[in-house]
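Contents: one structure, followed by commentary.
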Amino acid sequence: MERYMLGIDAGATKTAYALYSPQQDRIWLLYGGCGNHEGMPGGYDEFRTVMDMHIRKLCDAAGIAPQDVSCAGLGIAGVDTKRQHALISDIFCGIGLTRFRLANDAVLGIKAECPTGVCAVNGTGFCVYGIDDQGSTAQAGGLGHLTGDRGGGSYYAEQAIQAVYNSLEKHGPDTSMTARVLELVQAESPDLFVERLSECMEGPERERVQRELSVTVHACAQQGDPVALGILTGSGEEYAASIGSVLRRLPRLTADGQVDLVLVGSCFLRAGCTRTRDVMEARLCTAFPETRFTIRPIRSEPVVGALLWAAEEENGDAIPEARIRTALAHAIRVP
């Protein structure tokens, strides 16, 4: 019987769904929007509808049903607690998947790059996740304000807004972000800032404006703006503290004196200013002087890690990474 493996990388902004046939060396690939129930107006019910629709569309393209999937690797943003894991597991069982591994999407960075280690996500949101050689896992962050996450595009956007408001209304420090942010929200004068900002954050341009605000923080920091540099310095400190938390809960990761640290997310991989990463590395070296950290920016789409994870779970031995990467490069795009 032909086997099919499903991989899903579901984030707050976009989601990749991939169905892989090892016998055919063929991948069917589908992209969707938000895959985090916390970012959906309809919560878990909307998440169920979105996942069911996209999984069935992908399976239809391959001529199979969800029940025919041999195993799935599911990296889903918003899986941060045991309760969330149980609720989302039930959703996938209801769709028809009978065998799968499920965790926060940060797990996929590790699965895509190395057998064990730590993944730090700095995309729309923030998360740090670790796996040791016995399969034990630990997570830090992922609940935004509740866990004090100082990272991710949404956080940087909030900080830019607060810094500009502080400068304009509370006699806070001047920042070069002010002119850029006023232009971004189309505030013709400082006294219109709050009005225009409110319109942007409640309208259809919200996501674009948030992305541009994050870009503004990094661009101004790159030019030496002290306020923007302070935001990114604090972010680097938070990532180091969270990575340290994961390492202390998974002591086997540091037992041989070397840790693989995978970086995922546009704010790590494409940001113009590297202050967050530089501070993170410096703090880690101070906190773990006997440990050498090998920094690994993820080389491919995290959904590769999802497929490798599915293959590992089904076979016990992972399908060679090169095969999946090659198949993905020639994937059949499902509209």
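The values are calculated or read from the model by the stated rules, or taken from the named source; none is laboratory data. Keep in mind the model is a prediction, meaning the values are calculated, not measured. Because the Cβ atoms are built from the backbone with ideal geometry, glycine has one as well, and the counts that use them run over all protein chains shown. To get the accessible areas, we keep the full protein, side chains included, count just its heavy atoms, and leave off ligands, DNA and RNA. Shrake-Rupley method; radii C 1.70, N 1.55, O 1.52, S 1.80 Å.
Taken over the stretch 34-80, residues that are β-branched (Val, Ile, Thr) and under 16 Å from the mean Cα position of the chain (by Cα) amount to 2. Here Arg56 clears all of (1) in contact with a strand residue (DSSP E or B) (Cβ under 6 Å, 6 or more places away or on another chain); (2) open to solvent by 40 Å² or more (accessible area, probe 1.4 Å) except the condition numbered (1).
Residue pairs whose Cβ atoms lie under 6 Å apart, sitting 6 or more positions apart in sequence or on different chains, and linking a residue in the stretch 109-122 that is among the small types (Gly, Ala, Ser) to a partner that is in a strand (DSSP E or B) and open to solvent by 10 Å² or more (accessible area, probe 1.4 Å), are Gly109/Val264; Gly117/Asp260.
With the condition kept exactly as written, say whether any residue in the stretch 40-55 is outside any strand (DSSP E or B), closer than 16 Å to Ala311 by Cβ and among the acidic types (Asp, Glu). Show your work before the answer.
Initial filter on the stretch 40-55 (outside any strand (DSSP E or B)): 40-55.
Remaining after also requiring closer than 16 Å to Ala311 by Cβ: none.
Looking for residues that are outside any strand (DSSP E or B), closer than 16 Å to Ala311 by Cβ and among the acidic types (Asp, Glu), one finds none in the stretch 40-55, hence no.
Within the stretch 148-158, can you find the residues that are within 22 Å of Ser245 (Cβ to Cβ) and over 16 Å from the mean Cα position of the chain (by Cα)? Passing the criteria: only Gly148.
Looking only at residues in the stretch 1-33 that are open to solvent by less than 60 Å² (accessible area, probe 1.4 Å) and among the hydroxyl-bearing types (Ser, Thr, Tyr), the one that is nearest to the chain's Cα centre (by Cα) is Thr15. Among the helices (runs of 4 or more DSSP H) confined to the stretch 266-331, the ones with at least 2 residues that are open to solvent by less than 30 Å² (accessible area, probe 1.4 Å), within 26 Å of Leu213 (Cα to Cα) and in contact (Cβ under 8 Å) with a residue 12 or more places away in the chain are located at 266-269, 275-287.
Is the stretch 68-81 home to any residue that is without any contact (Cβ under 8 Å) to a residue 40 or more places away in the chain and not polar (S, T, N, Q)?
Residues of the stretch 68-81 that are without any contact (Cβ under 8 Å) to a residue 40 or more places away in the chain, as a first pass: 79, 81.
Now restrict to residues that are not polar (S, T, N, Q): 79.
Yes.
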